[in-house]
1. Assess whether residue 60 counts as being within 15 Å of the ligand (Cβ to nearest atom), surrounded by 20 or more Cβ atoms within 10 Å (Cβ to Cβ) and modelled with pLDDT of 95 or more.
2. Among the numbered criteria (1) within 13 Å of the ligand (Cβ to nearest atom); (2) surrounded by 13 or more Cβ atoms within 10 Å (Cβ to Cβ), which one does residue 78 miss?
3. Right, residue 36: without any contact (Cβ under 8 Å) to a residue 60 or more places away in the chain, in a strand (DSSP E or B) and either over 20 Å from residue 82 (Cα atoms) or touching a strand residue (DSSP E or B) at 6+ places or on another chain (Cβ under 8 Å) (or both) or not?
4. When you scan the stretch 10-17, do you find a residue that is buried (at least 18 other Cβ atoms within 10 Å of the Cβ), within 15 Å of the ligand (Cβ to nearest atom) and outside any loop (DSSP other than H, G, I, E, B), even just one?
5. Residues that are in a loop (DSSP other than H, G, I, E, B), within 16 Å of the ligand (Cβ to nearest atom), surrounded by 19 or more Cβ atoms within 10 Å (Cβ to Cβ) and more than 12 Å from the chain's Cα centre (by Cα): does the stretch 63-71 have at least one?
6. With respect to residue 97, determine if the residue is outside any strand (DSSP E or B), surrounded by fewer than 13 Cβ atoms within 10 Å (Cβ to Cβ) and more than 9 Å from the ligand (Cβ to nearest atom).
Ligand code: FES
């Protein structure tokens, strides 16, 4: 499994998603509740960037129609989205704000 560095931990603001591209795949990186998650950045309902939505209770909300997706599983909590969004494994290497945030998109977690 190949991990790609996407940010330094200190660059990620709590509950403020950061959109990155990994080998052409848009991924939203979310730091919340002391953990970092990586979720595919496109809503499963329509072509909307999830990183423009709000983060709450370990979920990210699609701003267009309001479905929220669990950052741990990618599953939607309610309509209109019915299909999950891929989530990806995250590794933190190092300590403090300079620690590297690494994501692998070669395998969905
Ligand atoms: S586009 Fe995301 S819920 Fe409709």
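The values are calculated or read from the model by the stated rules, or taken from the named source; none is laboratory data. Since the structure is predicted, the reported quantities are computational estimates derived from the model, not experimental observations. Counting neighbours? That spans all protein chains shown, and the Cβs are built from the backbone with ideal geometry, glycine included.
1. Numbers: within 15 Å of the ligand (Cβ to nearest atom): yes; surrounded by 20 or more Cβ atoms within 10 Å (Cβ to Cβ): yes; modelled with pLDDT of 95 or more: yes.
Yes, satisfied.
2. Unmet condition: (2).
3. On the way: without any contact (Cβ under 8 Å) to a residue 60 or more places away in the chain: no; in a strand (DSSP E or B): yes; either over 20 Å from residue 82 (Cα atoms) or touching a strand residue (DSSP E or B) at 6+ places or on another chain (Cβ under 8 Å) (or both): yes.
Considered against the rule, which asks whether it is without any contact (Cβ under 8 Å) to a residue 60 or more places away in the chain, in a strand (DSSP E or B) and either over 20 Å from residue 82 (Cα atoms) or touching a strand residue (DSSP E or B) at 6+ places or on another chain (Cβ under 8 Å) (or both), residue 36 comes out as no.
4. Here is the first cut: in the stretch 10-17, the residues buried (at least 18 other Cβ atoms within 10 Å of the Cβ) are 12, 17.
Retained after the next criterion (residues that are within 15 Å of the ligand (Cβ to nearest atom)): 17.
Next cut, outside any loop (DSSP other than H, G, I, E, B) only: none.
So far as the stretch 10-17 goes, no, none of its residues is buried (at least 18 other Cβ atoms within 10 Å of the Cβ), within 15 Å of the ligand (Cβ to nearest atom) and outside any loop (DSSP other than H, G, I, E, B).
5. At the first step, the residues of the stretch 63-71 found to be in a loop (DSSP other than H, G, I, E, B) are 63-67, 71.
With within 16 Å of the ligand (Cβ to nearest atom) added as a condition, the list becomes 63-67, 71.
Next, only the ones that are surrounded by 19 or more Cβ atoms within 10 Å (Cβ to Cβ) stay: 67, 71.
Right, trim to more than 12 Å from the chain's Cα centre (by Cα) and you get 67.
Yes, that holds for at least one residue.
6. On the way: outside any strand (DSSP E or B): yes; surrounded by fewer than 13 Cβ atoms within 10 Å (Cβ to Cβ): yes; more than 9 Å from the ligand (Cβ to nearest atom): yes.
Yes, satisfied.
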